[in-house]
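A.B. asks: Before anything else, here's the structure in question.
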Amino acid sequence: MKHKYVIEEGIIENYLLHRLNASETDDFEEHLLYCRECRNQLEETKEIVTLTQYMAIHTPGEANKKTGTKKSFILYRSWMKAAAVLLFAVCSAGIIWSLLQKPAITPVNTENKSDKGKDIRDSIPVDEKRTKESLRQTTAHVRKEFISENYDELPLYENAIRNNLRGESINILSPKISSEIAFGEKVVFSFKDYKSEFFLTVINHAGKTIFENKVRLPFILPLELPEGLYYWEITENDEVVFVSKFLII
């Protein structure tokens, strides 16, 4: 699919509104792999479409506003009357009950009160080690569930990796595809028999670009990445020629 055709025919808007047929959808998604401009335009248009849909759903008509306000006022007034009656009944019942009850006098023995309290506390067994271990396991479980979302794959980039685009001649020394890098370690980009300069883009699991610049080999990514899945791509003449991925664990 040609870039000019995408712009003139409004393919991006129709893609977001699910108006393309299966063949057009496949052609457009393939075009996205090579066209950075369309990818950026897709993200911007997606935000506009989402906001427009939200406003359409959550903005009622003028007549609905007036009707809703009137109904709400009538309901509120009825509720207030019922609440006042209920409150009066509760208060009256409480006063009558207190008058019927005789005050009970309970002798208080303050002698050795602190010692008894101490004896009760001492009699309750507390396994402090087990409590800490349980808290640690709960925290670890919550953290694991949260981090697992950071490894969700993006179909667009997974498809590009399977096709390998036009990067058969690029021999990657590091990071190898799907290589696991320990949290805190630097991510080093190094190729064999490849040009010393290239345009590098790094994308996180949510599809957000976190690094984009022209770099020289070998290159150390100047970021401390959180645990998760990351994609990276090489661009030449505004076209993506190679896509790979690595994991921070």
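A.B. asks: Give region 1-55 a look and list any residue that's surrounded by fewer than 15 Cβ atoms within 10 Å (Cβ to Cβ) and assigned to a loop (DSSP other than H, G, I, E, B), or say none.
C.D. replies: Residues satisfying the conditions are Lys2, Glu9, Gly10, Leu17, His18, Arg19, Asn21.
A.B. asks: Restricting to region 134-172, and then to whatever is among the β-branched types (Val, Ile, Thr) and not assigned by TED's automatic domain parsing to the domain that holds Leu217, can you tell me which residue is modelled with the lowest pLDDT?
C.D. replies: Among residues in region 134-172 that are among the β-branched types (Val, Ile, Thr) and not assigned by TED's automatic domain parsing to the domain that holds Leu217, the one modelled with the lowest pLDDT is Val142.
A.B. asks: What strands (runs of 3 or more DSSP E) completely inside region 183-249 contain at least 3 residues that are at pLDDT 95 or above?
C.D. replies: Where strands (runs of 3 or more DSSP E) fall fully within region 183-249 and carry at least 3 residues being at pLDDT 95 or above, they are 197-203, 209-216, 228-236, 239-248.
A.B. asks: Now for a separate question. Residues being among the β-branched types (Val, Ile, Thr) and exposed (fewer than 14 other Cβ atoms within 10 Å of the Cβ): count how many of those fall in region 211-239. First the steps, then the outcome.
C.D. replies: From region 211-239, those among the β-branched types (Val, Ile, Thr) are 215, 220, 234-235; that's our starting set.
Add one more test, that the residue is exposed (fewer than 14 other Cβ atoms within 10 Å of the Cβ), and what stays is 220.
Total meeting the criteria: 1.
A.B. asks: Given the residues Tyr15, Tyr5, which is the only one that is more than 27 Å from the chain's Cα centre (by Cα) and among the aromatic types (Phe, Trp, Tyr)?
C.D. replies: Tyr5
The values are calculated or read from the model by the stated rules, or taken from the named source; none is laboratory data. These numbers were taken from a predicted model, which means no experiment stands behind them. Using ideal geometry, Cβ is built from the backbone for each residue, glycine included, and neighbour counts are taken over all protein chains shown.
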